[in-house]
Amino acid sequence: MQDRLDLAIATDRGPLTVPWPARAALLTELELNENGHAVRDAIKAVGATRPVELKTRAHKAELIRVIDEWGAREGGRAGLPDGIFALRDALEVDLVDAWRKDSF
């Protein structure tokens, strides 16, 4: 039996699961980033009982920015914990889909 549950983040195409070690690393990155606290608080508030819902496009964009900066420091996507870059890509798809929806 697993000691800790993975983190699920709600996306427009369904929840995306991030392994527990990646969750801890992501929270550390968000803690270090002065603009990442709203996203960090949303993740902490939900825990592992249900998917985290990022309520605004600004929160999704902020999480993408944090992941991009983190990846740049770690030498790209290969330097990030499992699941983090997939989360980044899913959030980007959400934002592009929202932009397209608003444009038409």
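Coordinate-derived values only; no laboratory data. Computed from a prediction, not measured in an experiment: that's the story for all the values here. Positions of Cβ are generated from backbone atoms using ideal geometry, with glycine treated the same way; all protein chains shown enter the neighbour counts.
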Report task. Using a 10 angstrom cutoff on alpha carbons, build the Gaussian network for the chain and name the most mobile of ARG40, ARG73, ARG23. Result -> ARG73
Query raised in the report: Among all the lysines, which ones have a C-alpha under 17 Å from LYS44's C-alpha, if same-chain residues fewer than 8 places away are not counted?
Result: LYS55, LYS60
Report summary line: Over the chain, the sum of -39500 (n - 2.57) across DSSP H runs of at least four, divided by residue number and rounded to 500 deg cm²/dmol, gives at 222 nm -19000 deg cm²/dmol
Query - Long-range HN-HN contacts of VAL52 with modeled amide H, under 5 Å - result: ALA8, ILE9, ALA10
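Taking square-rooted eigenvalues a ≥ b ≥ c of the alpha carbon gyration tensor, is the range 7-103 rounded, prolate or oblate, where a/c under 1.5 means rounded and, failing that, a/b exceeding b/c means prolate?
Rounded.
Find the relative contact order for the chain and round it to a whole percent, using C-alpha pairs within less than 8 Å whose residues are 6+ positions apart. Spell out each step's value before the answer.
On the way: 109 pairs, mean separation 31.9, N = 104.
About 31 percent, as a whole number.
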Report task. May I ask you to derive the FRET efficiency for GLU34 and LEU5 from their Cβ-Cβ distance with R0 = 22 Å, giving the value to the nearest 0.05? Result -> 0.15
